[in-house]
1. Identify the single condition in (1) under 30 Å from R364 (Cβ atoms); (2) modelled with pLDDT of 90 or more; (3) not hydrophobic (A, V, I, L, M, F, W, C) that K694 does not satisfy, given that it satisfies every other one.
2. Answer with yes or no whether K380 is in contact (Cβ under 8 Å) with a residue 12 or more places away in the chain and of a type outside the set (S, T, Y).
3. Report, by residue number, each residue of segment 147-170 that is surrounded by fewer than 17 Cβ atoms within 10 Å (Cβ to Cβ), free of Cβ contacts under 8 Å to residues at least 12 places away in the same chain and assigned to a helix (DSSP H, G or I).
4. Determine, yes or no, whether I434 is touching a residue at least 24 places away in the same chain (Cβ under 8 Å) and on the phi < 0 side of the Ramachandran plot.
5. Please give the helices (runs of 4 or more DSSP H) falling wholly within segment 618-705 in which 3 or more residues are surrounded by 15 or more Cβ atoms within 10 Å (Cβ to Cβ), touching a residue at least 24 places away in the same chain (Cβ under 8 Å) and hydroxyl-bearing (S, T, Y).
6. Name the residue, out of W406, W394, W374, that is over 19 Å from V197 (Cβ atoms), assigned to a loop (DSSP other than H, G, I, E, B) and in contact (Cβ under 8 Å) with a residue 12 or more places away in the chain.
7. Based on this model, can you work out whether Y6 counts as out of contact with any helix residue (DSSP H, G or I) (no Cβ under 9 Å at 6 or more places or on another chain) and either modelled with pLDDT of 95 or more or part of a helix (DSSP H, G or I) (or both)?
8. Any residue at all in segment 559-567 that's under 30 Å from G357 (Cβ atoms) and touching a helix residue (DSSP H, G or I) at 6+ places or on another chain (Cβ under 7 Å)?
Amino acid sequence: MKPKLYSKIIKYLYYTLFFIVPFVVYPATSELFEFNKMLFIYALSVCIGWFWLMRSVQEKKFVFRRTAFDIPILIFAISQVLSTVFSIDISTSLFGYYGRFNGGLISLFTYIFLYYGLVSNLSDELVHITRSLFKISVLSSLLVILWGLPGKFGHDLSCLLFTSKFDNTCWTVQFRPSERMFSTLGQPNWLGAYLAVTFFMGLYLFITSSLNKKWFYGSFIVLNYVGILFTRSRSALGSLVPGFVALIVLYFMKEVKKDKEQKKPYFKTLGILLAGMIVATFVFKTGITQVDYLLEFRFLQTNNKKTVVAPVPSTSTTPSMGTGITESFDIRKIVWKGALQLGEQYPLFGTGVETFGYSYYSVRPVAHNLTSEWDYLYNKAHNEYLNFFATTGWLGLLSVVIFIVWGYVYMIKQIVLHKKEDDLLYLYISLASIWLSIIITNFFGFSITVINLYWYIIPAFLLTNAPLSTTKTKENKMPVLGYILPFVVWVYLMNSLFSYWLADYKYATSDAALKSNNIEAAASLLYQALALRHEHVYEDKLSYTLSQLAFYSSYQKQAEQAKKYMSESERLNLASIQESTQNILYWKTRVKNQYLFYQMTLDKKYLFTGLSALDEAAKLGPTDPKIPYFAATYYALLFDEEKNAQQKKIYEGKAFEAIEHAISLKKDYGDAYYLKIQLLKKFGKKEEAKQLLKWYIPRFSPQNPELLKELGEM
């Protein structure tokens, strides 16, 4: 096969990558969207690598081109490697947080590999490829929008595909496509960020295309803008403004110099485009209260006294007594505070690439407990740059800043250099706008697979007119081995990816089995998952599953079987903790396991082991109110087991101390208040219990007949 044919295959693999990735979704894996997209990117990267090596073998030298971005990329790569080496969880730093997958060291190196794969194999036709990838991305995003639109009106196509029901019922309450469109991207903000990228690609093609094609690209831009409005993503909407203004003003200034007859049709299409976006804004609104207030002309409305109507205030930041929804930006500010603290505590290399989900608990502000998402696990800082600071320290953050500054300096140089070449000028400004849109959306969120693809490939697009140096290497003197070895590596990597996917499928299926109370099937599936891929997430899940199996076996008088399950559960729990010592979730699993073991055996040693696990969990998550809540439960059980009156008094005091601590961490913790009521009753303080129950009922469970009956019996 000729080297040029290898290059052609590589080109079409890149086209496939950018077209297909947004659509890769599968409902039977543990995470529908990012997991499957990430594995698809890995698979295509392996294929690109295979043909890249085959071309190198044919040319008897390793084909690799150095570029103007080598230095910032190298600095960034070194920072991520060092952060991984000193990580609190090396496995997570390598593969990414399980549930997010994108962002681990392997994924970051994959994106860098794709950058070099493009510039090394396709440098001679980068201008053509850039324009082609813009067209492919526009077409792909058009289909993404069309796929998501029916869900806005209660008929989601994904539900039709997954469940054969043409409605929105396949989604949980966290996914509401009728309120905020997310299509095949997974979350509204993710879709908004993706559409912002393709918006500028469409705008570039609109500006540089012939008149008859402007109608298509203009229609796409308006539809794309409507899609962003339907996501209600404020960051995505805001990210359009700088680049859109720059491109439209430049386009106007260029066209206004033309003859009247020449510029008339172009201004007409531009006018229709702007009118379409304006109409869409008035019809569909932005979702931003202050802006929509102006769009609805409410400021012109007057009452009988002719006073101006004030704008409607935004949602309250903190729910009262467990009700209401906290405004997302207010939650972000709390998480950002924790991220800053982490960066200050681990200033050089951070806590490790992608370890925020574990490390955030150690600095989690108490204010987080008063939000509607107090019990959510935050595996990202919801600010890409603070996330880098927290997980990779100053070295990681500065490497990102250097990469951004380097990129914009290069863009500005190219803009100045090609200011008289309209097509290249528009291209560079479009690329600058895309990068800026990603910077803005990442500031209020975090990068996903699709966005990272564009983030790392855009520098390659900037090299369309730049000289590229070739790294010289020794000639390959073993052509046969040169063909066989890459094929063996390709087979190994593809098999590893399939095993990874299949293991996750088993893991996800086990969760469904657990929900249907088929515990034995769940355990079997988790064993299969572990056989396919060693993952401490699977060990943890299997540990708790086996503890439940032990409990049921004990209930059925199968003592020997129960003992075996207990032993294996304990082994897996300790193994997962040893592999991920800073993971508070695994210590909580230990607490739950020990509670079940105590219920089976009534042996106090399991209560002490559980309390020891709670102490370790409290060190990792000092502001987590659930930890002292469970500690209070454990001390109450020890109180029941204890015969010595003096020791019973000590356990009573510790139970009250723990529950008061839980309440101090979360003032609106209804479960904690109710447990305190039960403790007061248990320890003979019935009048205090009665008064607290009187206070509790109207705030947390009004008109609850069982609680009213309980109050009447006091």
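1. (1)
2. Here the answer is yes, as K380 does meet what is asked.
3. Residues satisfying the conditions are L160, L161, T163.
4. Numbers: touching a residue at least 24 places away in the same chain (Cβ under 8 Å): yes; on the phi < 0 side of the Ramachandran plot: yes.
Criteria met by I434.
5. Qualifying helices (runs of 4 or more DSSP H): 626-641.
6. When all the criteria are applied, what remains is W374.
7. No: the conditions fail for Y6.
8. Step one: filter segment 559-567 for residues under 30 Å from G357 (Cβ atoms), giving 565-567.
With touching a helix residue (DSSP H, G or I) at 6+ places or on another chain (Cβ under 7 Å) added as a condition, the list becomes 565-566.
Yes, the conditions are met somewhere in segment 559-567.
The values are calculated or read from the model by the stated rules, or taken from the named source; none is laboratory data. Here the structure is a predicted model, which means the values were calculated and not measured. Positions of Cβ are backbone-derived with ideal geometry, glycine not excepted, and every protein chain shown enters the neighbour counts.
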